[in-house]
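The values are calculated or read from the model by the stated rules, or taken from the named source; none is laboratory data. Since we're looking at a predicted model, the values are computed, not measured. Cβ atoms come from the backbone with ideal geometry, glycine included; neighbour counts cover every protein chain shown.
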Amino acid sequence: MPHQWLEGNLSVSAKCTVCEKTCGSVLRLQDWQCLWCKATVHSSCKDLLPKKCPLGQCKVSVIPPTALNSIDSDGFWKASCPPSCTSPLLVFVNSKSGDNQGVKFLRRFKQLLNPAQVFDIMNGGPHLGLRLFQKFDTFRILVCGGDGSVGWVLSEIDTLNLHKQCQLGVLPLGTGNDLARVLGWGSACDDDTQLPQILEKLERAGTKMLDRWSIMVYETKLPAQLTDPCTAPEANEDCEVQQILGYEDSVAAHLSQILSSDQHSVVISSAK
């Protein structure tokens, strides 16, 4: 893909990629910057730069704009898979997370990546983004939000049967970030200036298998008052009830330890 040049509006500290001299002007539109790789060049140096755009420091994660070349019958973009795009990143941001953190991160991600691959999960849910990426053999997903946002995306992945094609990472925003803590991404992220470094870490991150369980709970009536199992006629039944209640208390204690701890060793030992 060739560079997409925008004239002028360069930062004061901009330097030419070719000659490494200061370029741009505060007095007029002067010199050029590529919208994708952010390279800045003088007008006289422009022809000396390689024609092919490298897509910047996040090139592994970026979908080239040339990959979005058609629209389906519902009026949504369809993405093709160019050979150079082996593992693009699909980003879901919960704009309601934290104190307007989601809006800030949404804007920053659209600056770093192709805006077409960044979605506000509160505006239409995860279906549109997953539908755009479903033709890719492999892709990665970054969910920026809490555990509820992650669960929503995982449920939609199951619905579309995409779990063999994608890997999912979590960037914790707001509250309720137990999964992010367990996976080693911390309890919260509030600095959008660190996103380029976070994207690089995500590209090098290892993978872990994750089990998801669907639990159905049925309500039943217990005896109003448990009698002494040694003297009551229903001794066996009462003993079973006491065992069940004791097991429930044990499970609740383990879950409480998992949810309240930031230490991986405590979480793992409590889950056994």
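Checked against (1) part of a loop (DSSP other than H, G, I, E, B); (2) under 30 Å from residue 69 (Cβ atoms), residue 110 meets all criteria but (1). Against the conditions (1) surrounded by fewer than 16 Cβ atoms within 10 Å (Cβ to Cβ); (2) in contact with a Pro (Cβ under 8 Å, 6 or more places away or on another chain); (3) of a type outside the set (A, V, I, L, M, F, W, C), residue 155 satisfies every one except (2). Summed over segment 114-131, residues that are closer than 18 Å to residue 55 by Cβ and in contact with a helix residue (DSSP H, G or I) (Cβ under 8 Å, 6 or more places away or on another chain) total 4.
Scanning segment 33-62 for residues that are within 13 Å of residue 23 (Cα to Cα) and in contact with a Ser or Thr (Cβ under 7 Å, 6 or more places away or on another chain) turns up 33, 39, 40, 41.
Could you tell me whether residue 76 is in the same structural domain as residue 190 (by TED's automatic domain parsing) and surrounded by 15 or more Cβ atoms within 10 Å (Cβ to Cβ)? No.
Does residue 206 satisfy the condition of being touching a strand residue (DSSP E or B) at 6+ places or on another chain (Cβ under 7 Å) and among the small types (Gly, Ala, Ser)? No; evaluated as a whole, the condition is false for this residue. Once segment 110-152 is narrowed to residues that are among the charged types (D, E, K, R) and more than 22 Å from residue 37 (Cβ to Cβ), the residue that is surrounded by the fewest Cβ atoms within 10 Å (Cβ to Cβ) is 137.
The rows are residues; the columns are (1) surrounded by fewer than 15 Cβ atoms within 10 Å (Cβ to Cβ); (2) under 21 Å from the mean Cα position of the chain (by Cα).
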site: 2; (1), (2): yes, no
site: 32; (1), (2): no, no
site: 54; (1), (2): yes, no
site: 57; (1), (2): no, yes
site: 101; (1), (2): no, yes
site: 108; (1), (2): no, yes
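Of the residues that sit in segment 80-98 and are out of contact with any Cys (no Cβ under 9 Å at 6 or more places or on another chain) and of a type in the set (A, V, I, L, M, F, W, C), which one is surrounded by the fewest Cβ atoms within 10 Å (Cβ to Cβ)? Walk me through how you get there before you give the answer.
So in segment 80-98, the residues out of contact with any Cys (no Cβ under 9 Å at 6 or more places or on another chain) come out as 80-87, 95-96, 98.
Subsequent filtering for residues that are of a type in the set (A, V, I, L, M, F, W, C) retains 81, 85.
Values: 81: 16, 85: 20.
Ranking the qualifying residues of segment 80-98, first place goes to 81.
The residue of segment 181-219 that is nearest to residue 86 (Cα to Cα), among those that are modelled with pLDDT under 85 and crowded, with 19+ Cβ neighbours inside 10 Å, is 185. For the condition more than 32 Å from the chain's Cα centre (by Cα) and over 23 Å from residue 125 (Cα atoms), residue 8 qualifies.
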